[in-house]
1. With respect to Gly115, is the statement that it is within 21 Å of the chain's Cα centre (by Cα), under 21 Å from Lys192 (Cβ atoms) and surrounded by fewer than 20 Cβ atoms within 10 Å (Cβ to Cβ) true?
2. Select from the stretch 82-109 the residues that are among the β-branched types (Val, Ile, Thr), crowded, with 16+ Cβ neighbours inside 10 Å and over 16 Å from the mean Cα position of the chain (by Cα) and list them in ascending order.
3. Which of the residues belonging to the stretch 3-41 are in contact with a helix residue (DSSP H, G or I) (Cβ under 9 Å, 6 or more places away or on another chain) and among the aliphatic types (A, V, I, L, M)?
4. Does any residue of the stretch 190-203 turn out to be among the β-branched types (Val, Ile, Thr), surrounded by 14 or more Cβ atoms within 10 Å (Cβ to Cβ) and in a helix (DSSP H, G or I)?
5. Checking the condition under 23 Å from Glu5 (Cα atoms), out of contact with any helix residue (DSSP H, G or I) (no Cβ under 6 Å at 6 or more places or on another chain) and of a type in the set (A, V, I, L, M), which residue from Leu56, Leu97, Leu46 passes?
6. Assigned by TED's automatic domain parsing to the domain that holds Phe132, surrounded by fewer than 17 Cβ atoms within 10 Å (Cβ to Cβ), within 30 Å of Asn17 (Cα to Cα) and without any contact (Cβ under 8 Å) to a residue 24 or more places away in the chain - does that describe any residue in the stretch 145-160?
7. Being touching a Phe, Trp or Tyr at 6+ places or on another chain (Cβ under 6 Å) and at pLDDT below 95 is the filter here, so list the residues in the stretch 158-185 that pass it.
8. Give the residue, chosen from Tyr242, Tyr171, that is in contact (Cβ under 8 Å) with a residue 24 or more places away in the chain, part of a helix (DSSP H, G or I) and aromatic (Phe, Trp, Tyr).
Amino acid sequence: MNVFESGLYIVSTPIGNLDDITLRSLEVLKKSDIILCEDTRRSLKLLNHYKIKKKLVSYHKFNEQKELKKVIEYLNEGKILSLISDAGTPTLSDPGLLLVKTCVEEKIRVFPIPGPSSIAAAVSVSGFNDKFLFYGFLPKTENDLIKVLNDLKNIDFSLVFFIPGIKINFYLNIFKKHFSGRDIIIAREITKLHETFYRDSVDAIKPFKVTLKGEVTIVVSKINHSNYLESDEDIENQAIEYLKKYSLKDVVELISKKEKISKKKVYDICLKIKKNEKNN
């Protein structure tokens, strides 16, 4: 690929330490006709550091729809446009998804310029299983949060979230009810002077006595089956669904292996289900 081709470039920028920018990212930014910025003031700090002077256009979640037509016109004129967020990789819980989708629909070329990402950074030092699900920002209200975590709690992957540091204790309190038996790492100020990683089990971690500034990245480990034991009700619910599709023998084998519990316990639960069905 010729780095000077016209089109939209999704450029990753440092998440803290300005030295983390790639040489390719700098070249693309220098050759761009226009740089779309989530916050022009923050982007100027990076661009001034590397003595890059280009036309900046404010492009964020509050004006994305309004500015879309004008940006597409620039691209159709054959210009080189770069999209950068305040930090990390654009479109990942940051503005730009609508623009990328529109470019794909209109057959405008989109080029990824990879680089820093707090998601990859946090997972890489977590020590957890590398099969992970990135959710992004969690809901702010308790009812909405509980609905989301009810859907996520049985997914057997590491889970990555963004949350505002000021609400860390609110989220930890609810995590304890949904991710019992798992481990957690809380990453703040990644690559910055005060970079800190808090590691503990979800059950044991204590509320923070000081306010964490900015946004933090949280990684919750996959289900630890040696510490995690489904309640009889949860096992029963699984068995009810499996018995609709599989034989009793297969269901006992499947759940026993999956949940690391005795076949006898699963067998007794299945017999109870069949007895209830017969009586009803």
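The values are calculated or read from the model by the stated rules, or taken from the named source; none is laboratory data. Given the structure is predicted, the values throughout are model-derived calculations rather than measurements. All Cβ positions, even for glycine, are placed from backbone atoms using ideal geometry, and neighbour counts span all protein chains on display.
1. yes
2. Result: Ile84, Val100, Thr102, Ile108.
3. Val3, Leu8, Ile10, Val11, Ile15, Leu18, Ile21, Leu29, Ile34, Ile35, Leu36
4. no
5. On the way: Leu56 fails: out of contact with any helix residue (DSSP H, G or I) (no Cβ under 6 Å at 6 or more places or on another chain); Leu46 fails: under 23 Å from Glu5 (Cα atoms).
Residue meeting the stated conditions: Leu97.
6. The answer is no; no qualifying residue exists.
7. Matches in the stretch 158-185: Gly181 only.
8. Result of the check over Tyr242, Tyr171: Tyr171.
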